[in-house]
1. Once fully extended, how much extra length lies between F274 and L70, figured as 0.36 nm per residue of separation less the alpha-carbon to alpha-carbon distance?
2. List the DSSP H helices in the chain whose Cα atoms stretch 18 Å or more along the helix axis and whose mean Kyte-Doolittle hydropathy is at least -1.0.
3. Which whole-angstrom value gives the distance between the alpha carbon centres of region 228-290 and region 84-107?
4. Where Rh is the Kirkwood radius over the Cα pairs of the chain, the temperature 4 °C and the viscosity 1.567 mPa s, what D in µm²/s does Stokes-Einstein return?
5. Quick check: residue separation of V41 and L165 times 0.36 nm, minus the Cα distance between them. What number comes out in nm?
6. Let me check against my output: what whole-number percent is the relative contact order of region 122-312, with C-alpha pairs under 8 Å and at least 6 apart?
7. What value, in deg cm²/dmol to 500, does the helix sum -39500 (n - 2.57) over DSSP H runs of n ≥ 4 give at 222 nm once divided by the residues of the chain?
8. I311 label point, 7 Å along Cα→Cβ, cut-off 13 Å on backbone N: hits in region 132-166?
Amino acid sequence: LYSQIGSFIGFILLGSALFLPYPIFWLFLSRVIDGLSGGNVTVVQAYISDVLEPEEWTKGYAIIGAAFGLGFLFGPALGGLLSVRGYEWPAYAAACCALISITGTFFLLPEPKRRINPDRKGGLAIYLRVFDYLKIPGLRNLLITFLFFALPFNLFTSMFALYALKQLSFTARDTGYFLAVVGLFGIIWQGGAVSPIVKRIGETKGLILGLLSNMIGLFGIVFVDKWWKLIIVAIFFSFGTGMTRPALTSLITQAAPENRRGGVLGITSSIESFSRIAAPLMGGWLIGSLHANWLGLAGGFFTLIALLLTIFGR
């Protein structure tokens, strides 16, 4: 609830920024508020690990991915339609979605059984706990693998609009339509394909398959010179992401101590946040100083590291 309330306040402030003195200040403040109250995905993942049996975790995490796919499908299209009325309208619409989420969480979501951890620490020790997690060999390798999965994912998604403009002369509307198609692919993969495949071959082989598909998609960016080739890249990339994220999250949850799963999933969110900072900086330099195709080369190389860690690092 606290995280969702922070998002609600942040989006209201974002929509109001244009009408306030020093709009840039309020814009950044709105993002800071949303960032400080972030972590709702981590809480949802921890909730799933509490209420579902271990063999159902991958399916539960895939459903989260399908929900994100719905967001990618309808979000860009709705944002494009609302922005015609004014740039503040998409922010207000996002605030309404956050308010609906707050209401649903408060009235419809039961609190799981509380587990008391006698070794729980506070203060700075909470942040130092990550070094304890890295001492667990299986967990350490999985967290490093997550880093080399999250970095190319955010490298591509954060730089896609600039890449599409440079490489294919996409307009903002073209970009929105394409992201909607990617969201549709994500719904198809995570809504119906991931769980049966993982149930048949297991999380580890599913992770290998997902990373391999991701790597093919990212390296394929180098050969894109027509919009239909980008669709092929999107098929591989969306399938790889849809397979990798739930399988890897499930493996991380299984490797974590039972009373530390929420903390470990919080570490994955921190890794994701770090990659969201590093990826745009790296991507901007690659496109500005080298060539747009280097997004695919760099992303594919990072994914190759994650793939090798998965195969040989266990």
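Each reported figure results from applying straightforward, stated rules to the coordinates on display, with no laboratory input. Since we're looking at a predicted model, the values are computed, not measured. Cβ: placed from backbone, ideal geometry, glycine included. Neighbour counts: every protein chain shown.
1. Details: separation 204, 0.36 × 204 = 73.44 nm, distance 2.47 nm.
Between F274 and L70, full extension yields 71.0 nm more.
2. Details: long enough: 2-16 (21 Å, 1.22); 23-36 (20 Å, 1.32); 57-83 (38 Å, 1.17); 88-108 (30 Å, 1.25); 137-168 (44 Å, 1.15); 172-188 (24 Å, 1.35); 203-220 (25 Å, 1.04); 227-255 (41 Å, 0.99); 261-285 (36 Å, 0.51); 294-312 (27 Å, 2.12).
Result, helices passing both filters: 2-16, 23-36, 57-83, 88-108, 137-168, 172-188, 203-220, 227-255, 261-285, 294-312.
3. Value for the Cα centre distance between the two parts: 26 Å.
4. Numbers: Rh = 20.6 Å.
Stokes-Einstein gives a translational diffusion coefficient of 63 µm²/s.
5. On the way: separation 124, 0.36 × 124 = 44.64 nm, distance 3.08 nm.
Using 0.36 nm per residue and subtracting the Cα-Cα distance, I get 41.6 nm.
6. Numbers: 222 pairs, mean separation 76.0, N = 191.
The normalised contact order for region 122-312 reaches 40 percent.
7. On the way: 13 runs with 247 residues, N = 314.
Taking each H run of at least 4 residues, the total per residue is -27000 deg cm²/dmol.
8. The answer is none.
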